[in-house]
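Okay, so here's the structure we're looking at.
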Amino acid sequence: MRTTTLLTAGALLLAGPARTLAQTTDPNATNGESPFVRLLRPDRPGQTVTTNMLYPGQFQLETGLTRAEAGGSVGYPGRTAWGSTLRVGFFNHIELRATQHYLLAPPATRLTDGAPTPYAGPNGFAPLNVGAKFLASSTQNARSQVVVLFDMNLRNGNASFGEKQFEPGGRLLVSQQLGQRFGLEGNFGFRQRGFKAEGTKQGQYLTTLALNGPIGPSTHFGFLAETYATWQRQQGWRPGLTSGLYYRPAPGLRLDVTAGHGLSTNAGGLTVGAGLAIRLGN
């Protein structure tokens, strides 16, 4: 609980100054050539969604494979899933996005007599998530930036995903650039089931704080260090950590590997993943 309290306090301290600085940045000052802005920053692989927004005409595909131990608080505990996000830059400082997960079916369970039992849980395509980012700062790619994300889980996907409902959600995304190469980013979000008031009782809060940047004098190799926590009425606080390394062979291409672990008994075990992100357009 102490870890969660420190996480939340740090995130709240980050939000106020970030928004104030973002609104007072000189609109004529350019920050677009700094490595933190110029090089690709995907919304994966951790829980933190970046404040980075694509310009009109840019496309970005982010995909990766994640394996989570049973009992985790994020993703699909005990399962392996492919997750892909397509991001499209739109006009008026808007970014459109769609995220699709494919849940791999685990091997059949064997009974004591050796006969296999088919897996009866969810598998295949999960409900599609669609959303949009909106710039709340006065200048895109400023050293301090505030972005709002609205998204929703739809009711499509494989029939094995039972009790499907519309699940609206939103996040406040804030970032503070540290020098020209590093960045501190935080998220504050909420998601509920359905649009009725009782759906909020099953809703989940999320708060994250992440530091990322290059390793060494070049910008080809870098790291991600993240702390996060989810809260739900039935489950309480479930904090965790994520760390990872990435390699950028080109400004618009990034490969990464990550590992994460819960910080409490109800936050689950190890999560590992690997993936890539590709950006097209100027």
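The values are calculated or read from the model by the stated rules, or taken from the named source; none is laboratory data. Quick caveat, the model's predicted, so the values are computed rather than measured. Virtual Cβ from ideal backbone geometry, glycine too; neighbours counted across all protein chains shown.
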Item to check | Residue tally, condition farther than 17 Å from G240 by Cα and either touching a residue at least 60 places away in the same chain (Cβ under 8 Å) or of a type in the set (A, V, I, L, M) (or both), over the range 180-201 | outcome: 6
Checklist entry - Going through the range 200-253 one residue at a time, which ones are within 21 Å of Q177 (Cα to Cα) and β-branched (V, I, T)? => result T207, T208, I215, T219, T227, T242
Next on the checklist: Considering only residues that are among the aliphatic types (A, V, I, L, M) and either closer than 20 Å to G203 by Cα or without any contact (Cβ under 8 Å) to a residue 60 or more places away in the chain (or both), which ones fall in the range 138-171?
Outcome noted: V148, L149, M152, L154, A159
Item to check | Residue in the range 182-225 that is farthest from P42 (Cα to Cα), counting only those that are modelled with pLDDT under 90 and of a type in the set (K, R) | outcome: K196
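Going through the range 263-277 one residue at a time, which ones are over 16 Å from the mean Cα position of the chain (by Cα) and buried (at least 16 other Cβ atoms within 10 Å of the Cβ)? First the steps, then the outcome.
Taking the range 263-277 and keeping what is over 16 Å from the mean Cα position of the chain (by Cα), we get 263-270.
Answer for the range 263-277, where residues must be over 16 Å from the mean Cα position of the chain (by Cα) and buried (at least 16 other Cβ atoms within 10 Å of the Cβ): L263, S264, A267, G268.
Against the definition (over 30 Å from P122 (Cα atoms) and assigned to a strand (DSSP E or B)), how does G170 come out, yes or no? First the steps, then the outcome.
Working: over 30 Å from P122 (Cα atoms): no; assigned to a strand (DSSP E or B): yes.
Taking the combined requirement at face value, the residue does not satisfy it.
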Next on the checklist: Looking at the range 69-81 only, could you name the residues that are modelled with pLDDT of 90 or more and closer than 21 Å to R191 by Cβ?
Outcome noted: A81
Checklist outcome for this item: The number of residues in the range 235-244 that are surrounded by fewer than 20 Cβ atoms within 10 Å (Cβ to Cβ), at negative phi and over 16 Å from the mean Cα position of the chain (by Cα) is 1
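It is to be established whether one or more residues within the range 237-259 are in a loop (DSSP other than H, G, I, E, B), in contact (Cβ under 8 Å) with a residue 12 or more places away in the chain and within 30 Å of F90 (Cβ to Cβ). Explain how you work it out, then say what you get.
Initial filter on the range 237-259 (in a loop (DSSP other than H, G, I, E, B)): 251-252.
Adding the requirement that they be in contact (Cβ under 8 Å) with a residue 12 or more places away in the chain leaves 251-252.
Adding the requirement that they be within 30 Å of F90 (Cβ to Cβ) leaves 251-252.
Scanning the range 237-259, I find at least one residue that is in a loop (DSSP other than H, G, I, E, B), in contact (Cβ under 8 Å) with a residue 12 or more places away in the chain and within 30 Å of F90 (Cβ to Cβ), so the answer is yes.
Surrounded by fewer than 18 Cβ atoms within 10 Å (Cβ to Cβ) and either small (G, A, S) or assigned to a strand (DSSP E or B) (or both): does that describe G199?
On the way: surrounded by fewer than 18 Cβ atoms within 10 Å (Cβ to Cβ): yes; either small (G, A, S) or assigned to a strand (DSSP E or B) (or both): yes.
Spelling it out, G199 is indeed surrounded by fewer than 18 Cβ atoms within 10 Å (Cβ to Cβ) and either small (G, A, S) or assigned to a strand (DSSP E or B) (or both).
Only residues that are touching a residue at least 40 places away in the same chain (Cβ under 8 Å) and either over 19 Å from N129 (Cβ atoms) or not in a strand (DSSP E or B) (or both): list them for the range 202-220, please. First the steps, then the outcome.
Initially, the range 202-220 is screened for residues touching a residue at least 40 places away in the same chain (Cβ under 8 Å), giving 206-210, 212-214, 219.
Correct list: T207, L209, A210, N212, G213, P214, T219.
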Checklist outcome for this item: Given (1) surrounded by fewer than 16 Cβ atoms within 10 Å (Cβ to Cβ); (2) under 30 Å from Q58 (Cβ atoms); (3) in contact (Cβ under 8 Å) with a residue 40 or more places away in the chain, F223 misses just (3)
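Which ones in the range 173-188 are assigned to a loop (DSSP other than H, G, I, E, B) and touching a strand residue (DSSP E or B) at 6+ places or on another chain (Cβ under 7 Å)?
If we filter the range 173-188 for residues that are assigned to a loop (DSSP other than H, G, I, E, B), which is where we start, we get 179-181.
Across the range 173-188, the qualifying residue is only R181.
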